[in-house]
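**Q** My structure is below; once you've seen it, I'll send some questions.
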Amino acid sequence: MSSSIADTLAQIEERIHQACQRAGRSSESVRLLAVSKRKPAADVTAALAAGQTLFGENRIQEAREKIPEVNDPRAEWHLIGPLQRNKVKYAVKLFHMVHSLDSLSLASELDKRIPQERTPLSVLLQVNVGREPQKSGFDPSEVEEAARAVSEMANLRVCGLMAIPPYDPDPEAVRPHFRALAELAKKVDNLSISGISMEELSMGMSHDFECAIEEGATLVRVGSALFGPRL
Ligand SMILES: *Cc1c(COP(=O)(O)O)cnc(C)c1O
């Protein structure tokens, strides 16, 4: 028998709670981002009914269909995938936070396109912590300069950093990357750049979110462990 989304959600919340306890952190310091990509609106609705409110999508076209279909003001949507210039106009209307800000040209395009009536868009600077050529994100050495540049953009609010470390089935192999991202955030925070904060660390996925929490994650992005494998 397959368990319900509500049951699985409760199990994941318990694992988050345990990881927080091990790390001496309060459970309120970590939020679960339920990654609903390639899953139907009905799964989001089931998670909402069980109390989950943060959802992550990685493709604009899919989000443009799913978000109106879910049509629930309790849901808060976060973009976690690469954003093309020609889709920025949709992204600024659909998302509360963009985790995947990976270049200054994308930042200025977003800044330009934010509708006057909305509050600043929360963004995280995506960092290529493993310096993998095929992955997007700022090189760790570029993050300070990027934070300064985006801090000047009136319609964007930098809230922290995000990373997708090199994949390894063993969370212990990923831990140094989580630690490096947390240290980088601390370094940027110590610069006291006006108008930005480093309060959010978006890191950890289905197989390694507990390890990420031990290293300071405040947003864990969990898809398959919650909604089942993506076909
Ligand atoms: C798909 C995705 C996730 C969730 O991955 P799971 O392993 O299914 O938890 C997290 N972050 C990003 C950026 C993703 O694209």
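**Q** Take residues that are within 30 Å of Arg113 (Cβ to Cβ) and tell me which of the helices (runs of 4 or more DSSP H) falling wholly in the stretch 1-101 contain 3 or more.
**A** By residue number, 41-49, 60-70, 88-94.
**Q** Being open to solvent by 10 Å² or more (accessible area, probe 1.4 Å), away from the ligand (no atom under 16 Å from the Cβ) and either in contact with a Leu (Cβ under 9 Å, 6 or more places away or on another chain) or of a type in the set (Val, Ile, Thr) (or both) is the filter here; which residues of the stretch 186-214 pass it?
**A** Within the stretch 186-214, Ile193, Ile196, Met198 qualify.
**Q** Quick check on Glu142: is it assigned to a helix (DSSP H, G or I) and at negative phi? Lay out the reasoning, then the answer.
**A** Working: assigned to a helix (DSSP H, G or I): yes; at negative phi: yes.
When the stated conditions are applied, Glu142 passes them.
**Q** Further question on the same structure: Among the candidates His177, His207, which residue alone is in contact (Cβ under 8 Å) with a residue 24 or more places away in the chain and assigned to a loop (DSSP other than H, G, I, E, B)? Steps first, please.
**A** On the way: His177 fails: assigned to a loop (DSSP other than H, G, I, E, B).
Being in contact (Cβ under 8 Å) with a residue 24 or more places away in the chain and assigned to a loop (DSSP other than H, G, I, E, B) holds for just one of His177, His207, which is His207.
**Q** Would you say Ser2 is at pLDDT 95 or above, small (Gly, Ala, Ser) and closer than 30 Å to Pro171 by Cβ? If you could, list the steps in order and put the result at the bottom.
**A** On the way: at pLDDT 95 or above: no; small (Gly, Ala, Ser): yes; closer than 30 Å to Pro171 by Cβ: yes.
When the stated conditions are applied, Ser2 does not pass them.
**Q** May I pose another question? Quick one: in the stretch 215-225, which of the residues that are open to solvent by 10 Å² or more (accessible area, probe 1.4 Å) and farther than 17 Å from Pro166 by Cα is nearest to the ligand (Cβ to nearest atom)?
**A** In this case the residue turns out to be Ser224.
**Q** Can you pull out the residues in the stretch 38-61 that are closer than 22 Å to Leu231 by Cα, open to solvent by less than 40 Å² (accessible area, probe 1.4 Å) and within 16 Å of the ligand (Cβ to nearest atom)?
**A** Lys39, Asp43, Val44, Ala47, Phe55, Gly56, Glu57, Ile60 - these are the residues of the stretch 38-61 that are closer than 22 Å to Leu231 by Cα, open to solvent by less than 40 Å² (accessible area, probe 1.4 Å) and within 16 Å of the ligand (Cβ to nearest atom).
The values are calculated or read from the model by the stated rules, or taken from the named source; none is laboratory data. Remember, it's a predicted structure, so these values are computed and weren't measured experimentally. Reconstructed Cβ throughout: ideal geometry from the backbone, glycine too, with neighbour counts over all protein chains shown. We work out accessible area using only protein heavy atoms, side chains counted, and drop any ligands, DNA or RNA first. Shrake-Rupley method; radii C 1.70, N 1.55, O 1.52, S 1.80 Å.
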